[in-house]
Every structure is written in structure tokens, then in C-alpha cells.
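Nothing in this text is a laboratory measurement; each read-out follows from the coordinates by a stated rule. A quick note: this is a predicted structure, and the numbers were derived from the prediction, not measured. Note that each Cβ is placed from the backbone with ideal geometry, even for glycine, and that neighbours are counted across all protein chains shown.
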Amino acid sequence: MSHAVVVVCLAVGLAGCMVCPNYKRPSVPAPPQFRAGEQQPSQTSLADVKWFNLFEDPTLHDLIAEALKANYDILIAAQRTVQAEGLLQATRSAIAPQMNLQSDVARSGVNSPIQSTGRGFGVATWELDLFGKLRRQTEAARAEFLASADNQKAVMQALVAQVASAYFDLLEYDAELAYVRESIATRQQSLKL
């Protein structure tokens, strides 16, 4: 009886052991002023404005929407985010007890029906997380998922910026071409005079 008590006490004592402490984000207070003495910007920043509210050009909206739908980099980033989410769920599920159901099925001949021997039973397994391995794996999977989601957003932002930049370059080239044509017409009129 005393051996069982020692084993239980030892198991409970080891259950509190962890490889490393839980991660806590350090608090870093923002300074009240910038180095140049200017006040911090207001809460409404240009970075907080959505791109479709910033650019009020329907042609640009259509171009960006088409680029977002047809871009393979965004599709790949979205797929990686889905995979990371699945990995997070699979890793998180390893903490809970697992239940497996097994059954024997037999067929006696080629034309005979499949018969179950009726010996089905469930096996419950559970890995004790003595040193925090499963918790750390879950934290790592969560960090990977968040990184994938942020990467997907970054790819989308880069694509929107590229399309908008190319569109505004094209508008600038069109304006320069119109200026050159107007200048040529003015010089031709001067030559005629």
C-alpha cells in the first residue's frame, strides 16, 4: 500500500514540473512624445484606413478586386494559414485523452457476407504533460498559425500597394502624354502662324 502512495505522490509532484516558464509579453510603455518633441499622432492614422476607403476610384477598386481574386501568392498564403490552423487544432487535441474504438470483422468466403465478431472495445489513452511538452507544442503551433495569418495579410497588402502604385504610374504617364500632345499641338499652331 505504501508503494502506491509513493508512486502517486511522485506522479503528482512531477506533474508540476515544466521545462520552462510560461511566456509573458513584457510591457513596453510608449513615450509621451517623440524625440523631436512632437505629440504622438491621433488615433485615426492613415494606416488604419481601409484601402477601399482611401482610394475613391472605381477603376482602381475593380483592378484591386480582380488582383486579389486571381493572385496565386494570396491563394498559397491562405492555404498555408489553413494548414497552420489544422496543425494547431491537431496539436491542441493531443492534450485531451484519446479514445479509439476497435472491432474485428471477418469474411468466411468469397460470396459470404461480412460478419462482425462483435468484440468491439474502446481504448482510452492519455499522455501526461509532466514537463510541459504538449503545452509548448501548442504554443508553437499557435505562434505558427498567427505568423501564417500575418503573412497572408502582408501578401495582400503588398499586392494592393503594387496594383495601386502601377495604376497611379499609369495615370501619371497618361497625364504626361496628354501634356506632350498638347505641347505639340501648340507648337504646330505657332509654326503655322
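Mind ranking 140-153, 161-174 by how tightly packed they are, going by the mean number of other C-beta atoms within 10 angstrom, highest first? Write down the numbers at each step before the final one.
Numbers: 140-153: 16.0, 161-174: 12.7.
The densest-packed peptide leads the list: 140-153, 161-174.
With label points built 7 Å along Cα→Cβ from the Cα atoms of LEU75 and TYR167, find their separation and express it in nm.
Once both label points are built, they end up 2.2 nm from each other.
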